[in-house]
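K.L.:
Got a structure for you, written out below as structure tokens; questions coming shortly.
The values are calculated or read from the model by the stated rules, or taken from the named source; none is laboratory data. Note that the coordinates shown come from a computational prediction; the quantities given were computed from them, not determined experimentally. For neighbour counting, all protein chains shown are included, and Cβ atoms are generated from backbone atoms with ideal geometry for every residue, glycine included. Surface accessibility is based on the protein's heavy atoms, side chains included, excluding ligands, DNA and RNA. Shrake-Rupley method; radii C 1.70, N 1.55, O 1.52, S 1.80 Å.
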Amino acid sequence: MKFSKAYEPDQYEPEIYALWEKSGAFKPTENKNAENYTIVMPPPNANGNLHIGHGLTIALEDILTRYHRLKGDNTWYIPGADHAGFETWVVYERKLESEGKTRFDYGRDELYDQVWNFVHEQRGNMELQLRALGASCDWDSLTFTLDQKVVDTVYNTFEKLWKQGLIYRGVKLVNFCTKHQTAFADIEVTHKDEKGKLWQIAYPLVKPKDGIEEIIVSTTRPETLLGDTAVAVNPEDNRYKNIIGQKVKLPLTDREIEIIADEHADPEYGTGVVKITPAHDPNDYEVGERHNLDMITVIGFDGKMTAEAGANYEGLTTADARQKVLSDLETQGLLRGEEPIVHSVGHCYKCDTVIEPLLKEQWFVNVEPLARDAINALEANRIKFHPDNKKRVLINYLKNLKDWNISRQIPWGIPIPAFVNVDDPTDWIFDKRVDQTEIEKGGKTYRRDEDTFDTWFSSGQWPYITTSDRKQHYPTSVMETGADLLFQWVGRMIMLGLYNTGEVPFKDVYMHGMVLDEKGQKMSKSKGNVINPIEIVAQYGSDALRLGLIASRSAGVNQAFSSSKVIASRNLCNKLWNISRLIQDMVDKAEKPNGEAEATSNGEDWICREINKTNKEIQKLLAKYRFAEAGDAIYDLIWNKYADWFLEGEKLWKNIPLLKTTLEQILIMLHPFAPFVTETIWQTLSWTEGMCITQKWPSELKFSATKAAKFEELMIIVTNIRSHFQSLPGASSYPVAFYDDKLVYDNQLLIQHYTKAPGIPEIKPEDANGLHLAIAGHPNIYLEIPADIHAKYKANLEERILSLGKEIDVLETRLRNPNYVKKAPKELVDETKQQLETKQHLLEDMKAEFELV
RNA sequence: GGGCGGUUAGCUCAGUUGGCUAGAGCGUAUCUUUGACGUAGAUAAGGUCAGAGGUUCGAAUCCUCUACCGCCCACCA
């Protein structure tokens, strides 16, 4: 390969990825003396496309992976693919719908096979996209969430929980989507504020007491009245105290229900009287349990009124039933008013259907013991969180966690291995023969439960399932995922990990925030503001996307996508490409291109020092997951130090061995962040061997601290001269005269090269004239400028004297403060003194100059 | 109702044991047809670190309060 003028990522990226993959570089090494480093990828939807959030996920995880691989750890990045139970099901059901079919046209096994085929036809896209993002994961270890080993582990866990009595079947109020015909966990329900009405309805007392003939309840859902089994008032509410225990006649029915006392009724709200419908409201359900009330189901799973609602209402939708109930009450004179209110209503997060709380028999996990262990582990700091505050948030959540409904009524998932006796609905057994709808056991016939597991029940076991072939990699090193998955995923992995293995599933948790659109809005298909990572890769390159995504981003915080950062990153790749092109050119032209890399000039010592510094900094920052700062550090090194100063100077010196070594070090250090361009360069350079991905992390370069410091002085001189050249009228360059200055004397050529001054003449002190440069430590440097320009310069000098005076005041005030001198660290005080001294000298020089001009 | 973030340059944001002159990218201004790069180089302008109070020799950073923006959880008859 040869270096073209500009780096064009799309020409190299696919080949480079193939090179890595074929070479086996993604496989974990098994070096006994090395540490194990393991990251499990949050499995993306097997048949979906990656979104920008995946871009960030992969960038962060792959930086860690590549860094630890370079450091020599046995590094294992485990990819996954998610069957995405409900998500995929929704997509498939839509497909059925478009074909004029419904799920009820098929049996469960048939549907399962259909979706399986559907997913496998679509599959592979996501995996290609992961490759485009550069994920250096071990593809042979890819685990699909329906793989046999997943199912086996999930069944073992279920059986263990079952045997220990932590699994129970219960009738509870569940969040039910009548369109998708499935229940949801509380966390999966989206609440939205909506305008509604609060109706007042009179319930007549059966036997009027103390002049009270009726009580008025407030409700937003009149249709549920048909399922009322009590009316509640607050026990402290004096208005109703003496009618507690009385009966009221439930309108539109022939039932009589009791007035009960319960804290749930808020005397401040509405009339202070609440109708209780245990079968259709979570709070009422709790009241019902406390008071042992009947639970009458008046709304069915189809979203229509049941027979129990009465012949007048049976078969109506809830909306129609509401209208009818209202008009019937109106007719009977029991409707006493309505007022508009805003209240929050639960919706299905996929189809937006209003969630009905319905009574349903489901499998539940008793989470109390699991949560307790998880809380203990968290409080004992066995897992470190980034950002730290997420840990407390999680503990808080776990403390209030309710039992976990793990049944879902969708065919696409892991079947629940439970069977019920056909003759006894309370006789459930655990059995793994889920491929049969009916089994025989002990002379009895059992029918399979048609439900599948909640996705999080299986993915909550992900870390130990995926590492089962290399058990030394469990617990994993870090779980990196989106902050939105703290409860549903991270929390469950910790609970189930501890339960099953006794160990925490990972040592660190790093949670990234959401990637918002450029205006800071949440991305969504409906808003049309979605950014496709693969398009960015095509346009700017995979490395540019990564660097751009991690730039200026800190843990746990939602941040806007910034295309300017992506462009800046693309430019960095191009810069590095051209740096390499220049060095390759120098190598090609060199007479003796080989030899020991050694710093032989101030600038070389300086760059060695800076490379070492950046090397240490990157290590320190990555250990703390401070990706953005690590990226900044390497960016600054490459662009502002290596290219602008060191390489510019090397155009004169051409220390080929050092150029080669320093370039290699930079390529390796940047490789985790920008794998493609660094590898492409590595493969293109004439002298490098092997692959960048499998190099060793650079060791320290030798340098002289004194010489490095000298170069810094030189930089100040150069910058000062350049600044004058720009600001002086006419904006041209002038000879730089000096006397009695060894640094300038030794570096005349270099100064001329950096400043483009027409000459650097050494003069005698008595010949000194022109513009005197005020540079601390270098009092004898002059710009030889014409007299008229010199005069104009005076005003500028005056300003600078004033501002320097202010700086000196600040330092003096600080030193005059006895507490500062007493309490601040000595080094700091000494440093301040030193600064003051140099500035005072400088001021004297400038004042003297001012007199002269 | 409970909790968590955020408020720093025109824009998007960094800034973690409190300590040099508060940084980056983009944008802006001026200059540069330097044979690595114009996806470039050089120089520069631009900040009462949301507001008020406190702790400290010293606060963008720690504490208290306030305002505004965003998110999460619970509840909403």
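K.L.:
Expressed in nm to one decimal, what extension gain is obtained for the pair A:Asp484 and A:Glu798 from 0.36 nm per residue of sequence separation less their Cα-Cα distance?
P.N.:
Result for the pair: 107.2 nm of gain on full extension.
K.L.:
For the range A:678-823, just list the percent of Cα-Cα distances falling in each 5 Å bin from zero outward, please.
P.N.:
Computed distribution, short to long bins: 2, 8, 13, 14, 12, 10, 10, 9, 8, 7, 5, 3, 0.
K.L.:
Right, another one. Expressed as a rounded percentage, what relative contact order does chain A have, with Cα pairs under 8 Å and six or more residues apart?
P.N.:
12 percent
K.L.:
Place a point 7 Å from the Cα of A:Asp767 along the Cα-to-Cβ direction; which residues of the range A:719-760 have their backbone N under 20 Å from it?
P.N.:
Zone members listed by number: A:734-752, A:757-760.
K.L.:
Averaging over all projection directions, find the projected area of the Cα convex hull of the range A:123-220 and quote it in nm² with one decimal place.
P.N.:
Answer in nm², one decimal: 14.7.
K.L.:
Report, as a whole number in µm² per second, the diffusion coefficient that Stokes-Einstein gives for chain A at 4 °C and 1.567 mPa s using the Kirkwood radius over alpha carbon pairs.
P.N.:
It comes out at roughly 39 µm²/s.
K.L.:
Can you show me the helix-derived [θ] at 222 nm for chain A, built from DSSP H runs with n ≥ 4 at -39,500 (n - 2.57) apiece and divided by the number of residues, rounded to the nearest 500.
P.N.:
Only helices count here, giving -13500 deg cm²/dmol.
K.L.:
Further, regarding this structure: Excluding ligands, DNA and RNA, what is the solvent-accessible area per residue of chain A at a probe of 1.4 Å, expressed in Å²?
P.N.:
Ligands and nucleic acids excluded, the figure is 45 Å² per residue.
K.L.:
How big is the range A:16-173 by Rg and Dmax over its Cα atoms, in Å?
P.N.:
19.5, 62
K.L.:
Identify the trypsin sites (Lys or Arg not before Pro) of the range A:68-172 meeting these criteria: DSSP loop state and at most 13 other C-beta atoms within 10 Å of the C-beta.
P.N.:
Qualifying residues, ordered by number: A:Lys101.
K.L.:
On the protein heavy atoms, probe 1.4 angstrom, tell me the percent of accessible surface of chain A carried by carbon and sulfur.
P.N.:
C and S fraction of accessible area: 48 percent.
K.L.:
Further question on the same structure: For chain A, take the longest principal axis of its alpha carbons; what is the angle in degrees between that and the long axis of helix A:627-636, to the nearest 10 within 0 to 90?
P.N.:
20 degrees
K.L.:
With angles folded into 0 to 90 degrees, how steeply does helix A:282-291 sit against the dominant principal axis of chain A? Use alpha carbons for both and round to 10.
P.N.:
Once rounded, the angle reads 50 degrees.
K.L.:
A follow-up question, please. Mind giving me the FRET efficiency for A:Asp10 and A:Glu87? R0 is 51 Å, r the Cβ-Cβ distance, nearest 0.05 is fine.
P.N.:
Taking R0 as 51 Å, the efficiency between A:Asp10 and A:Glu87 is 0.95.
K.L.:
Express in nm, to one decimal, how much length is gained between A:Asp302 and A:Phe118 on full extension, taking 0.36 nm for each residue of separation and deducting their alpha carbon distance.
P.N.:
My answer for the length gained is 63.5 nm.
K.L.:
While we're here: Roughly what % antiparallel, to the nearest 5, for the DSSP beta bridges in chain A?
P.N.:
75 percent
K.L.:
For the range A:532-599 and the range A:814-830, write down the distance between their C-alpha centroids in whole Å.
P.N.:
When both Cα centres are located, 44 Å separates them.
K.L.:
Related question: Suppose R0 equals 30 Å. What FRET efficiency, 1/(1 + (r/R0)^6) with r the Cβ-Cβ distance, do A:Leu198 and A:Asn292 give to the nearest 0.05?
P.N.:
Taking R0 as 30 Å, the efficiency between A:Leu198 and A:Asn292 is 0.60.
K.L.:
Please list the radius of gyration and Dmax for the range A:560-645, considering alpha-carbon atoms only, with Å as the unit.
P.N.:
That works out to 15.5, 51 Å for Rg and Dmax.
K.L.:
Relative to the present Cα-Cα distance, how much length would full extension add between A:Lys2 and A:Lys209 at 0.36 nm per residue of separation?
P.N.:
The A:Lys2-A:Lys209 span can extend by a further 64.6 nm.
K.L.:
Sorted from largest to smallest, which semi-axis lengths in Å does the alpha carbon gyration tensor of the range A:340-430 give for its equivalent ellipsoid, taking the root of 5 times each eigenvalue?
P.N.:
They are 31, 24, 13 Å, listed largest first.
K.L.:
With Rg and the Kirkwood Rh both taken from Cα atoms, where does Rg over Rh land for the range A:810-853?
P.N.:
1.17
K.L.:
Within the set of other residues whose C-beta is less than 9 Å from the C-beta of A:His772, count the net charge using Lys and Arg as +1 and Asp and Glu as -1.
P.N.:
-2
K.L.:
Output the direction-averaged projected area (hull surface divided by four) of the convex hull of the alpha-carbon atoms of the range A:637-724, in nm².
P.N.:
Answer in nm², one decimal: 6.9.
K.L.:
Can I ask one more? Over all directions, the average projected area of the alpha-carbon convex hull for the range A:432-493 comes to how many nm²?
P.N.:
Its average projected convex-hull area is 6.6 nm².
K.L.:
Separate question: Could you give the nm distance between label points at A:Ala380 and A:Lys823, where each point is 7 Å from its Cα heading toward the beta carbon?
P.N.:
4.1 nm
K.L.:
Compute the FRET efficiency between A:Lys833 and A:Ile567 as 1/(1 + (r/R0)^6), taking r as their Cβ-Cβ distance and R0 = 56 Å, and round to the nearest 0.05.
P.N.:
0.80
K.L.:
Calculate how steeply helix A:492-501 sits against the longest principal axis of the alpha-carbon atoms of chain A, using the helix alpha-carbon long axis, and give the answer as 0 to 90 degrees to the nearest 10.
P.N.:
90 degrees
K.L.:
Shifting gears a bit: Quick one: net charge of A:Ala643's neighbours, Cβ under 13 Å, K/R +1, D/E -1?
P.N.:
Computed value for this residue: -1.
K.L.:
Where does the range A:460-553 land on the Kirkwood hydrodynamic radius, alpha-carbon pairs, in angstrom?
P.N.:
Averaging 1/r across every pair of different Cα atoms and inverting gives 15.7 Å.
K.L.:
Describe numerically, in nm with one decimal, the distance between label points set 7 Å from Cα along Cα→Cβ at A:Ala623 and at A:Lys742.
P.N.:
So the two model labels end up 3.8 nm from each other.
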